[in-house]
Every structure is written in C-alpha cells, then in structure tokens.
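Down below is the structure, laid out as structure tokens.
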Amino acid sequence: MQFNCEIRLPKFEVKMLQIEQNVSLKNFNTFGVEANARYFVEINHEDDLTELFMDPQWQQVQRLVLGGGSNVLLINDFDGLVIRMNIRGFEHRIQHEDVFVEAGAGEVWNDLVNFCVDRNYAGLENLSLIPGSVGASPIQNIGAYGVELKDVFGSCKAFEIATGAFKTFTKEDCRFDYRESIFKTQLKGQYIIVSVKFHLSLIPHINLKYGAIEQELANRHITAPTIKDVSQVVSHIRVSKLPDPSTIGNAGSFFKNPVITADEFHPLLEKFPTIVHYPADNDHVKLAAGWLIEQCGWKGKTVGHTGTWKNQALVLVNHGGATGIEVYTFSSQIIDSVYTKFGVLLQREVNIIN
Ligand code: FAD
Ligand code: EPU
C-alpha cells in the first residue's frame, strides 16, 4: 500500500478577534456595489468562531457569511455582522490512486484547483477559474463545463451557530442538486463551513462532455489531453465569455438555467424551434437562460449603470456606480420580459442580501 502525506499549513499567527464597525463592503463583493456593514469580523481560525459566539449578542443580530463575495448582490447597508471567512491551509494525502485534499474555507477556489492540477490530482480541472472561496463551493454546489462540486466532494466541516458544535456533512447530508444544497434550503444561515474535503484521483478521467472544450483542444491540436490541458482550455473559454470582476463588476450567471417538465417543453419547442436546451433527467429539460434573455433583446444592453454582458446575456454587470437596487430592478425587468415571451420564470442564482 502506498501512503504519502504532505501537509501545507498556514503561517502561525496569533491574532485577537477584532470586530470593526461601519466597514465598506465595496471591495468585498465582486459586483463592486457600495454598502456598509454595521459590524465586520474576519475569521482566521475555526476557534475564532467559538470565541465570537461565546458573546450572545452575535446570536441575536442579522449575520452574513462572506467568502470572496462573488455570488452576492448587496441591496442595502447591512445592519448586522459580516463574518468574512479567511481560514487557510491545504492538507493532502495519497492512498493507492485516491487523493484526499482538505482545504480551509478561506482558501481561494482557483488556488486549490491550481494546487491540485500542478500535482496531477485529477477531478477539479473542469472547475478552473471559478471565482470565490473553498468554503462557499458546497453552498450552491458550484458547477461548470460538465462537472459539479458533488462529483469530487468528500465531506465538509461546519460550525453550528446555535450550539457552537462542529459537524461533519457527508455528500448525502448536503443534498446537492443543480446550484442547490441543504445550506441554501433547510439549513440556511445555520452553519458556517470551515473546511472542505475533496476526493480526487491520480488517474485522470478526462471529461470533455462540454463541446467547447473539445473544440478548443482541436484548435490547439491536442489529441491526448492532460488535466493541465483541460484546465488551461477551460480557463481560456471562461476568459473569452465572462467579464473579469476586477475590471467590470459582476457575479457570474445572475439567473439559474430553468429546468422545466417535458410537458411544458414540447409546446415551447414547437413555437421556438431553435430554443437552446439540454436533457436534465427523464422528465425534465434544462433551458439556456442566456438564450432566452438574448431573444428578448437584452444581450449587451446598458440600462443606467447596469446591463448584461456583451458576450453572455446571463451575466449582469455593473458598468460603474451601479447600486444594488439598480441591478436588482434591472434583473426584475429581465424576468418579466422572459416570462412574457416564453412563459418561463427565471430564478435568481445570485444571493440577494437585503
Ligand atoms: P460569497 O459570494 O462570499 O457567498 C456566496 C453564498 O455562500 C452566500 O450566501 C454566503 O453567505 C455563503 N457562504 C460563503 N462562504 C460560506 C461559508 N464558509 N459557510 C457558510 N456559508 C458561506 N459559480 C458556479 O457555480 N459556476 C461558475 O462557472 C461560476 N462562474 C462565475 C464567474 C464569475 C465571473 C463570477 C463573478 C462568479 C461565478 N460563479 C460561478 C459564482 C461564484 O463564483 C460561486 O458561487 C462561488 O462559489 C462563490 O464563492 P464566494 O466565496 O465568493 O461566495
Ligand atoms: N447562450 C445564448 N446567448 C447568450 C448566452 C448563452 O444564446 O448570451 C446560449 C448558447 O447557445 C450557449 C448556451 O446558451 O451555447 C450555454 O451558454 P454557456 O456555455 O455560456 O453556459 P450557461 O448555461 O450560460 C452555465 C453556468 C455557468 C458555467 C457555464 C459552463 C448556470 C446558471 N450557469 O452557463 O456558471 O460557467 O454553464 O458550464 O448554470 C455561474 O454560475 O455563475 C456560471 C458562470
């Protein structure tokens, strides 16, 4: 039996828990909207959470957990406590061809991907370049280019706010679905994820389900792709389609791709024969929300300080100076027009914070 263990731990730091007041969140949300937090605390170690919630006042106030802020829209100032997750560290262990990697919630997701791809730990390569933190990855079961977090998820450790206990959640416990998990539904707001374990492999299972990957590999004359090739190609496709939040505010896809029943789909297909769709399961069809929005004439449109991205209508952007309410109102206009034309109700994927 082969058993290797290598650990990379964060630098040891002794820091008092500091609660700041009236902190601007502009640099803590990728939409770049202005909003202030009444209280703000940074969590560098899981013990910080125990220390924080020893004071009962924090049980009573409204709370917002933030990682990279790449999937939130802040509508107003936040009249409560923002808990910014900064727990760092990777641990990895190889057993036969299996690789187990554990990462702190505050690690940057793409740093984890690079850490694994560099060592030929296969499984995360299709999820390259997704913004945000490791701790948020289970919240909406992040997914891209034919892979979802649930495909590589081992377990996660989370702090229960009401009791101060740490609990481990298995894949089954998390009830992952398309852009869904138990942390967005039954357990919303009750747990803070402190670390996530991934089950990867030394044997690559190259996933080329997403047509654009194969196309780009062909353009590069790559016939036997490695996981590094896949990671690079996915990153290239993403950069060509999606705006970079460091230059133009956005939170990726603003809406989910709607999943409708086969019965609802047939009349739509008859009326709109070019409607972009994919099989979801035996009885359901997933529609491309970007196509629906583009057909309503919104692609690349600017309205005030906001609009949709020129290369991807599903992405709402802040052209500079947009407020959260402005983006939200614009998103409502899109929902209304898609519903009027197609009878399909778009759901927001981005977390709206009031
Ligand atoms: P945040 O925005 O900080 O938080 C998101 C939600 O998770 C909030 O409700 C927050 O309270 C909660 N949360 C965060 N951390 C924790 C924690 N430790 N414990 C408990 N709750 C927590 N997503 C995809 O799935 N696929 C994509 O391809 C994709 N592409 C994107 C492209 C761009 C350009 C952008 C800007 C976003 C994209 N996203 C994508 C959305 C986003 O990157 C993911 O949802 C990501 O997981 C959010 O991470 P975050 O740390 O920024 O979370
Ligand atoms: N399309 C259009 N017009 C547009 C955009 C898309 O017609 O403006 C059509 C095209 O036919 C295109 C199809 O929609 O082929 C699908 O578009 P794309 O490949 O860009 O993917 P998506 O369905 O729009 C989803 C995820 C993305 C993820 C990509 C790649 C959701 C809500 N979004 O987008 O995730 O990166 O697939 O797998 O499921 C995110 O969640 O923030 C995100 C960016």
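For the stretch 182-305, the solvent-accessible area works out to 55 Å² per residue, with a probe of 1.4 Å and every protein chain left in place. Distance between the C-alpha centres of the stretch 281-354 and the stretch 175-241: 24 Å, rounded to the whole angstrom.
Rolling a 1.4 Å probe across all protein chains gives Asp47 an accessible area of roughly 90 Å². The slack in the chain from His205 to Thr163, taken as 0.36 nm per residue of separation less the alpha-carbon distance, amounts to 11.0 nm. Under a Gaussian network description of the chain, with springs only between Cα atoms under 10 Å, the residue in Glu34, Glu97, Glu46 that fluctuates furthest is Glu97. A Gaussian network model of the chain, with springs between Cα atoms under 10 Å, assigns the largest mean-square fluctuation among Val101, Val61, Val194 to Val61. For Val194, the residues 5 or more places off, or on other chains, whose built amide H falls under 5 Å of its own are Lys157, Ala158, Phe159. Taking a Cβ cut-off of under 15 Å around Gly300, the surrounding Lys, Arg, Asp and Glu residues balance to a net charge of +3, with basic ones at +1 and acidic ones at -1.
Taking all protein chains as present, what is the carbon and sulfur share of the accessible area of the stretch 20-85, in % to the nearest whole number, probe 1.4 Å?
On the way: 1210 of 2990 Å².
It is 40 percent, rounded to a whole number.
Here the Karplus curve 6.51 cos²θ - 1.76 cosθ + 1.60, taken at θ = phi - 60°, turns the phi angles of the stretch 98-111 into couplings of 8, 10, 10, 10, 10, 9, x, 4, x, 5, 6, 3, 5, 5 Hz, with x standing for Gly and Pro.
Under 18 Å of direct C-alpha separation, and excluding same-chain neighbours fewer than eight residues apart, Lys197 reaches these lysines: Lys150, Lys157, Lys167, Lys171.
Find, among the trypsin sites (Lys or Arg not before Pro) in the stretch 302-352, those assigned to loop by DSSP (not H, G, I, E, B) with at most 16 other beta-carbon atoms within 10 angstrom. The partial results should precede the final answer.
On the way: sites: Lys310, Lys341, Arg348; in loops: Lys310.
Passing both the DSSP loop test and the Cβ count: Lys310.
Please identify, among Ala103, Ala262, Ala224, the residue showing maximal mean-square fluctuation in a Gaussian network model of the chain using a 10 angstrom Cα cutoff. Result: Ala224 has the largest fluctuation of those listed. Remark: the Gln186-Glu97 segment gains 28.5 nm on full extension, using 0.36 nm per residue and subtracting the alpha carbon distance.
Mean residue ellipticity at 222 nm, helices only, the chain: -7000 deg cm²/dmol; runs of at least 4 DSSP H residues each add -39,500 (n - 2.57), and the sum is divided by the number of residues.
For His221 and Ile19, calculate 0.36 nm times their separation in residues minus their Cα-Cα distance, and state this gained length in nm to one decimal. The partial results should precede the final answer.
Numbers: separation 202, 0.36 × 202 = 72.72 nm, distance 5.39 nm.
Length gained between His221 and Ile19: 67.3 nm.
Counting only protein heavy atoms and a 1.4 Å probe, tell me what percentage of the stretch 249-353's accessible area is made up of carbon and sulfur. Intermediate results must be reported in sequence, preceding the final value.
Details: 2630 of 5020 Å².
C and S atoms contribute 52 percent here.
Here the stretch 252-274 is scanned for amide nitrogen atoms under 17 Å from the site 7 Å beyond the Cα of Lys301 along Cα-to-Cβ, giving 254-255.
The values are calculated or read from the model by the stated rules, or taken from the named source; none is laboratory data. Quick caveat: nothing in here was measured; it's all calculated off a predicted structure. Quick reminder, even Gly has a Cβ in these numbers, built from the backbone with ideal geometry, and neighbours come from all protein chains shown. Heads up: the accessible areas ignore ligands, DNA and RNA and are worked out on the full protein's heavy atoms, side chains in. Shrake-Rupley method; radii C 1.70, N 1.55, O 1.52, S 1.80 Å.
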